1. Answer yes or no: is there a residue in the range 46-53 that is in contact with a helix residue (DSSP H, G or I) (Cβ under 7 Å, 6 or more places away or on another chain), closer than 30 Å to Asp1074 by Cβ and in a helix (DSSP H, G or I).
2. Do we find that Asn933 is loosely packed, with under 15 Cβ neighbours inside 10 Å and among the polar types (S, T, N, Q) in this structure?
3. Which one is surrounded by the fewest Cβ atoms within 10 Å (Cβ to Cβ), of the residues in the range 419-458 that are out of contact with any helix residue (DSSP H, G or I) (no Cβ under 7 Å at 6 or more places or on another chain) and assigned to a loop (DSSP other than H, G, I, E, B)?
4. Which of (1) modelled with pLDDT under 90; (2) under 25 Å from Leu695 (Cβ atoms); (3) surrounded by fewer than 21 Cβ atoms within 10 Å (Cβ to Cβ); (4) aliphatic (A, V, I, L, M) is the odd one out, the single condition Leu817 does not satisfy?
5. In the list Asn209, Asn191, which residue meets the criterion of being touching a residue at least 60 places away in the same chain (Cβ under 8 Å), touching a strand residue (DSSP E or B) at 6+ places or on another chain (Cβ under 9 Å) and in the same structural domain as Trp94 (by TED's automatic domain parsing)?
6. Quick one: count up the residues across the range 187-202 that are in a helix (DSSP H, G or I) and within 38 Å of the chain's Cα centre (by Cα).
7. If only one of Gly242, Gly269 is farther than 27 Å from Ala391 by Cβ and assigned by TED's automatic domain parsing to the domain that holds Leu429, which one is it?
8. Return the pair list, or none, for Cβ contacts closer than 6 Å from residues in the range 309-334 that are over 21 Å from Gly267 (Cβ atoms) to residues that are at pLDDT below 95 and among the small types (Gly, Ala, Ser), at least 6 apart or on different chains.
Amino acid sequence: MTTDSIHYKTISQLIQDDTWNTERLHISQETWKTIRDQSKEYHLQPENILAFTAALCLKTLLDLPDQETGEQMNIISKNDFFSVLLNPSENIGWDQSFLKHCSDLNDSVTSDSNKAQELLNHRFSVILHDGSSDFSIPIITSPVLMMIKVTEDVQIEWHIHSEFVKEERVKSLASTHSYLLNWSSQENWQNPLPDLLNEQERTIRTEANRTSAEIQPQLIHQAFFQHALQHPEDIALYWEEGNTAQMSYGELANKALKLSRALVDNGAGQNSRAAVVLPKGYPQIIAVMGILGSGSLYIPIGVDQPSERQKKIFKKANIEYIVTDSSTLAEFPHLNNLAQEQHITIINLDELSEVEPLEAPANSGTDQLAYIIFTSGSTGEPKGVEITHSAAWNTIQDINTRFSVTASDRALAISALDFDLSVYDIFGLLAVGGSLVLIREEDRKEASLWVQWVEKYNVTLWNSVPALFDMLLLSSSSENNLSSLRLVLVSGDWVGLDLKDRLTERSENGQLIALGGATEASIWSNFFPVNGINPNWKSIPYGKPLANQKYRVVNHLGMDCPDGVAGELWIGGKGVASGYTNNEELTHSRFVTFDNERWYRTGDLGRYWQDGNMEFLGRIDHQVKINGFRIELGEIESALKTFPGVAQATASVISIHQSAHLIAGIVGEKAALTEETESDILAAASPAAQSGYELQKQVVANFLYELLDLSNHTMKGTNDSDLLLSEPALPSMITALKAEIINEMGIAPEQTPVLDMWLNWLHEEDILTEKDGQLLFAEPSTVNSDDSFLNTFRERLDERKPMLRQILSNILPSVSLLDDDLLSPEILSTHDQSTLKGIECIAEKINQAANTSAKTLKIAILGGRTGVLTEKLLQATQNNSIKYSVIDEGRAMVRSCIETLSKAGYQVDGIELKNNQVPEEYWYHFDFVVAINTLHRFPQPDQGIFISHLLLQNGGRLLAVEAGLLMPVALISSGVIDRGFQHFDPQRREVFSPMLNKASWKNYFLKTGFTKVLSEEIEDSFTLVYDTQCPKNRPQLKETQILSHIQTLLPPHMIPEKLVILPWMPLSANGKIDRKSFTGLVKTMIESEVRKSTEDFEKPNGKMEEGIAEIWKGLLALEAVGRNDVFFEIGGDSLSATRFLTEVKKQFEVNLSLRELFGATLKDVAAKVQIQHLKMQQELETMEIGEI
């Protein structure tokens, strides 16, 4: 590829010392000659080998999540420019030779002259040159740049931007590159890549994985039956049934062997498959022991699983028997139908009282399967993990031995039977003569009951996911005695740093053990005793392998990642599962052989620390864990897509208040969209519109000249010659001016975007120019006007200078302008003739529809604000067959609008938007949505359109007034309120304007699902009225209906807590769903919905808190406010916040800033007011004493 069309720079212009880390290495003439000779032997370009080895170093030393599939690396030389594929989508073979790696990279070379400019944006670039003076470097944006100078020897420079990786990683990349090149000069290229760990790393890894221990394989139920034979009177099970109920080992063994007999009599034997479909309780324990006693394996299936999912599991697992009881069959009659369809024998535990038990458990081999547990599958199909007796027993026996679990131990059996923590509960405790305290299905989330049972039964061992143990601690108090807890095992999710101290508060001698692993590796594979907390930890470490188990952290090359580098966790050893039930392809993919050992690829991310401990970093793919349940997001997405009208679905997990929440989003089916382009709207404007703009430009420019004291910083253009000789101001001059103004005026950091907006506008309008090296203020030409409002506005504007300066200094909140009778955007709109004409146009359309409609029209006013513009619409549409509703963000804003209209004699309904979400009862409800200067106010341009789309019935119409240009007066009105529009989308933020032209709005309407987009230009203005319609055959999607639908397909733990309907899914650059952006978007939408529970509600305490609460209740129309409530989380908005600050000033003579209100609870706010109020009182008393 030639690079003729690309701009060039020197290396010193591209690389700046303060932002880049640089490492240099040298390859000798002898080494380079050997590499050249080998390259030619294999028909490879020698210079390319230098780049290919750099690529292999990147694959070795970059964190796995930073290596994007399909990503390319540029290779640039004097005469060529191409790219190679760093990370192909398909997996490479492990133990691949160095030559094969280089050949694959060589085969992936792409060269396209039409995409030269696009390639410059790749993150990785290699520049090959010979040091000649005529070689220039393309202007590239790569944060990783390798300069390779090739002469008789080779000089290599690694330049990596400091924000990309730390300096130590750059050193490692360079040293690894040097090592690999030297190795390639000495070794046969047909050999696999060398071990790229340093000697110390390899020694520590080897030692960490030296876990060999003598654990004799046995059946997981064997020890239970032996104990029952030797000590039949010992108590095995406790549970609550009115009073305390219990079951001895002998009784449990007898009941289990009766079931074994029933199964054997019905043909069960070795490797027969029996499902357990029972609620939590002692029948489950009888079932698993009895199934194993017959020589069969057990498959737990939750009673709360949807029937369709149960059906899939029965079929996939080739289940021959269902073990259940009468009450379960009565509650779930579909089980009989399923059994009949699939020829499965049902064994009812309630019908075994007369059955003669087997004399002893049937003989089985330790390599026989003990159980199959089904987990979530990415294709929507559950996958069954097959575990042998020997694999599970290895873990069970290791835990019992390592932590001295004996007959004196008792455990509360919290976990569900189809969650593999239950395997240890049952077979770990009952193997040593310990006892299980059982809970009922309905008590699985009743933490207060758990506390009672821990105390009552002196529970010594706790085994659960961290969230459930956290619930236990939260539900206990200092009055509860949890001192019996000596061993707490937590696993299946992140372990919080506070759990250890909180456990110690309740049980001084309690030992906290964090464990990890996978169902595919027999319960657990690693452990970490939590004896103390390092302040640098983000969570409890993963630790080191358990007995006879081992770990690797693996990169894309199938090689071990160096310390600190994130890769995929692989588990090896005796606990590795046999595979997935009837799924050879998936088994082959996830269970691999490396170095003659079998490993399970977990799909989890992790990294090694220097001390040999591992750190867990989450999932590589879209599989997640919540409360210990592994969930394939793909299965949820597949279920959502089965609902008619759903085109796309995405599921994710978000963390709010340190708690994980499962959420999902969907996009409905739409009609195909079209595109339109048009010329610049200002250039095509009428002379009258241009004149109006120039008039405002003159007023605002002169006002800013005085407000910012520009006379101290610029010359003022006084005649045409000054202006003719001036040139556009240099950006550096504008930057220097900005710094001077900030310093002189004391502008707060939060307000600097407002100054940026003003200076940018003055520059773009050629008002701030440069002449003879100095800034020139070119005063706009005087425009005479007969606009009485604008003339009055000009006269009154000077009065607002102190107010705006206070806003810039954060003394006053910017939202104060909302209530200002001159600069309020809504007040300005009432004097804008184009807006008023737009309202008249909309009123005419509504009246036409009302006159021809046989029903009452339902119309929603979106963003009615204080109601002054809505009132004008209502005046023009006085028709008894119209019912209006106003909808806006924040309860206070809605109430303000309703009050304004009520005083004018109009009765309307109010609807509150919370986080831009429409209450579901108003979805698909209205005939019209009217948006008067509203759509552009949303931070994302599609938000208002989508809200309208959701509000409208099929065939309903959106009528919107929008200006295509930001008028100058808005710079000192809405531009100040919205702080230079810096919270808007990047496209509008960059130009400091929220406005869009007709082509852009039309594209958003069509993309959101509207059709028949019409527009009318308001004469002599930049304003248009849009009239667009929803399709009459649009599918109507409702959250409650969709969630009800997927409840028939998914178990309860896979039902999203929140489902949002989106206009479209955010996409990454390669066209895939951008899950990170999706998660961020949804998190913003729902974060404030996750409120503290009613148990956390505290009444205001003291006169000041009660006084503040009364103000909040009045402003936000609330019946009760708690001292832990946050103003903006209970319906507060910028307008009501301003009114609150005013009320505080009025009642307590205290000035609070808006910043002090963000995130502060009522008790925090009251404390601030109290302190300032007392301080003021003390100052007054001091003054009085001084006067005396």
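The values are calculated or read from the model by the stated rules, or taken from the named source; none is laboratory data. Quantities reported herein were computed from a predicted structural model and do not represent experimental measurements. We place every Cβ from the backbone using ideal geometry, glycine too, and count neighbours over all the protein chains shown.
1. Checked against the condition, which is being in contact with a helix residue (DSSP H, G or I) (Cβ under 7 Å, 6 or more places away or on another chain), closer than 30 Å to Asp1074 by Cβ and in a helix (DSSP H, G or I), the range 46-53 yields no hits at all.
2. Working: loosely packed, with under 15 Cβ neighbours inside 10 Å: no; among the polar types (S, T, N, Q): yes.
In short, no.
3. Per the criteria, the residue is Lys445.
4. Answer for Leu817: the failing condition is (3).
5. On the way: Asn209 fails: in the same structural domain as Trp94 (by TED's automatic domain parsing).
Exactly one residue qualifies, and that residue is Asn191.
6. Filtering the range 187-202 down to residues in a helix (DSSP H, G or I) leaves 199-202.
Of the ones still in play, those that are also within 38 Å of the chain's Cα centre (by Cα) are 200-202.
Going through the range 187-202 one residue at a time, the tally reaches 3.
7. On the way: Gly269 fails: farther than 27 Å from Ala391 by Cβ.
Going through Gly242, Gly269 in turn, just one is farther than 27 Å from Ala391 by Cβ and assigned by TED's automatic domain parsing to the domain that holds Leu429: Gly242.
8. Partner pairs satisfying both residue conditions: His334/Ser307.
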